[in-house]
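This report concerns only the one structure given below.
The values are calculated or read from the model by the stated rules, or taken from the named source; none is laboratory data. Everything quoted here is computed from the prediction, not taken from an experiment. Cβ sites come from the backbone with ideal geometry, for glycine too, and all protein chains shown count toward neighbours.
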Amino acid sequence: MDSASHMEQLHMKDQDGSFPADSTSPESGDESIALSQSSSDIIEQPEVMVEVRKTDTMGVGLFATGKIPRGTRVLSEKAIIQMIDPVYRSELANRFCTKLARLSQDRIETLSQLHCNPQVFKGEDRPAIAKWYNENSVTDAHGQELKGKKRQESRKKTLRRFGVFITNSSGITLDGQVGRGVFTLFSRINHSCVPNARYGWNEAIQRFTVHVSRDIEPDEQIFISYLPLTYEGRAKRAEQLEANWGFECACEACRDPAREMGRVKMSILQLLLTSYEQGNTHVPRIMELDPLKNRGEALDIANQLAKLMVSEGLVTMELAKTYRTCSQLSLWLDDLDEAIEYAEKALDIERCLIGPETEHLREDDLGCQYWLEKLQGLKRSQEA
Ligand SMILES: [Zn+2]
């Protein structure tokens with residue numbers, strides 16, 4: 001490692017304790033720990049555009065080193081540790097121990113530096129790890145078998161590392177099976193309910209990618225939304241963030257009540273749309289809302305929802321999905337040109353947030369590109 005951008009000096013003490021820097025139980029007394037990432041873990045990155053820096057209130061975070069245009073892929077990572085999800089939770093801890101035992105020392109160190117939310121532990125985790133320790137021999141870096149107190153310490157560290165894994169792991173697919181992995185730089189990205197980036201596992205390239213959803217200024221912090229649905233109300237967001245990551249969000253959307261009104265409106269529009277899509281069997285009666293009666297009304301609502309998301313700065317996959325819904329409704333309403341216009345908008349968002357590698361979304365026209373191609377084919381056959 002000779003490049004400063006590949007090796008960050010991070011102060012792990014005196015943190016505020018919010019995600020993702022760890023202050024709950026650092027394993028090392030060292031003031032600064034080197035965070036290194038093997039260069040082979042990052043591909044398709046012409047230049048390093050982001051780096052880990054200390055923040056005032058959020059521990060560490062990922063920052064832009066220069067201007068980054070909208071739609072740029074800022075990260076393309078392989079996991080430092082990954083596994084297929086087992087059926088039972090106790091099996092997860094067991095598998096983790098086996099994986100951890102085979103992990104290189106620098107990867108273990110990297111993992112240990114990440115945040116562990118104590119709330120993620122389940123009752124079966126501790127016994128599962130104890131059982132693994134009873135059934136396996138554990139050695140130190142020199143191949144010496146650990147005994148007594150050292151073995152106990154190792155078990156404690158493994159439990160915490162398992163907590164780190166649960167706190168920081170993200171969904172991936174391995175050989176078509178659902179799994180999870182921890183990604184070094186990605187794990188350093190903080191949450192905002194108004195994210196400026198989108199993350200996700202790209203099955204086509206087998207990498208975890210992060211794309212910025214708008215132009216980023218130099219030194220601006222990169223934020224993703226840890227929550228799948230950004231348009232949910234503040235109370236619901238706060239509840240999920242506390243339960244899964246153990247922190248309170250102080251982003252602009254959470255601080256400003258006026259912005260919250262936009263979220264409330266979005267949730268209602270979304271509820272009406274979903275209800276319509278499901279045949280109005282789940283009409284949101286408590287709000288005394290009339291269910292949508294026809295495709296024209298549904299298109300109007302979907303269009304309103306998309307406009308609100310744009311005005312709130314929520315360039316997310318939900319926005320792509322909403323444009324896609326508009327496109328489908330326009331097609332049903334026999335307006336092919338409008339359907340194509342919406343499909344182009346959906347594709348623009350998908351390209352921005354995922355990139356061009358979407359072969360894995362080809363099936364059932366799930367990918368916006370394939371949907372647009374289908375509509376263009378229809379147009380050509382109409383003109384012929
Ligand atoms: Zn927030």
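When the range 219-236 is examined, which residues are found to be among the acidic types (Asp, Glu) and loosely packed, with under 14 Cβ neighbours inside 10 Å?
The one that is among the acidic types (Asp, Glu) and loosely packed, with under 14 Cβ neighbours inside 10 Å: Asp219.
Could you list all residues from the range 203-218 that are surrounded by 21 or more Cβ atoms within 10 Å (Cβ to Cβ) and among the polar types (S, T, N, Q)?
Of everything in the range 203-218, those that are surrounded by 21 or more Cβ atoms within 10 Å (Cβ to Cβ) and among the polar types (S, T, N, Q) turn out to be Thr209, Ser213.
For Gln369, indicate whether it is modelled with pLDDT under 95 and touching an Asp or Glu at 6+ places or on another chain (Cβ under 8 Å).
Yes; evaluated as a whole, the condition is true for this residue.
Can you find a residue that is surrounded by 18 or more Cβ atoms within 10 Å (Cβ to Cβ), on the phi > 0 side of the Ramachandran plot and either within 15 Å of the ligand (Cβ to nearest atom) or not assigned by TED's automatic domain parsing to the domain that holds Pro195 (or both) anywhere in the range 322-335?
no
Could you grab me the full set of residues in the range 353-384 that are touching a residue at least 40 places away in the same chain (Cβ under 8 Å) and over 32 Å from the mean Cα position of the chain (by Cα)?
Matches in the range 353-384: Leu378, Lys379, Gln382.
Taking the range 64-109, which residues are polar (S, T, N, Q) and either under 19 Å from Val48 (Cβ atoms) or more than 22 Å from the chain's Cα centre (by Cα) (or both)? Walk me through it before giving the result.
Initial filter on the range 64-109 (polar (S, T, N, Q)): 65, 72, 76, 82, 90, 94, 98, 104-105.
Answer for the range 64-109, where residues must be polar (S, T, N, Q) and either under 19 Å from Val48 (Cβ atoms) or more than 22 Å from the chain's Cα centre (by Cα) (or both): Thr65, Thr72, Ser76, Ser90, Asn94, Thr98, Ser104, Gln105.
Conditions (1) surrounded by fewer than 18 Cβ atoms within 10 Å (Cβ to Cβ); (2) touching a residue at least 60 places away in the same chain (Cβ under 8 Å), marked per residue:
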| position | (1), (2) |
| --- | --- |
| Ser137 | yes, no |
| Asp140 | yes, no |
| Glu145 | yes, no |
| Thr158 | no, yes |
| Thr167 | no, yes |
| Gly171 | yes, no |
| Val178 | yes, yes |
| Cys193 | no, yes |
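Which one is farthest from Val52 (Cα to Cα), of the residues in the range 110-158 that are in contact with a strand residue (DSSP E or B) (Cβ under 8 Å, 6 or more places away or on another chain) and part of a loop (DSSP other than H, G, I, E, B)?
Ser137
Let's see how each residue does on (1) assigned by TED's automatic domain parsing to the domain that holds Arg70; (2) crowded, with 16+ Cβ neighbours inside 10 Å; (3) farther than 20 Å from Leu299 by Cβ:
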{"residue": "Ile340", "(1), (2), (3)": "no, yes, no"}
{"residue": "Leu347", "(1), (2), (3)": "no, yes, no"}
{"residue": "Gly355", "(1), (2), (3)": "no, yes, yes"}
{"residue": "Thr358", "(1), (2), (3)": "no, yes, yes"}
{"residue": "Leu366", "(1), (2), (3)": "no, no, yes"}
{"residue": "Gln369", "(1), (2), (3)": "no, yes, yes"}
{"residue": "Lys379", "(1), (2), (3)": "no, no, no"}
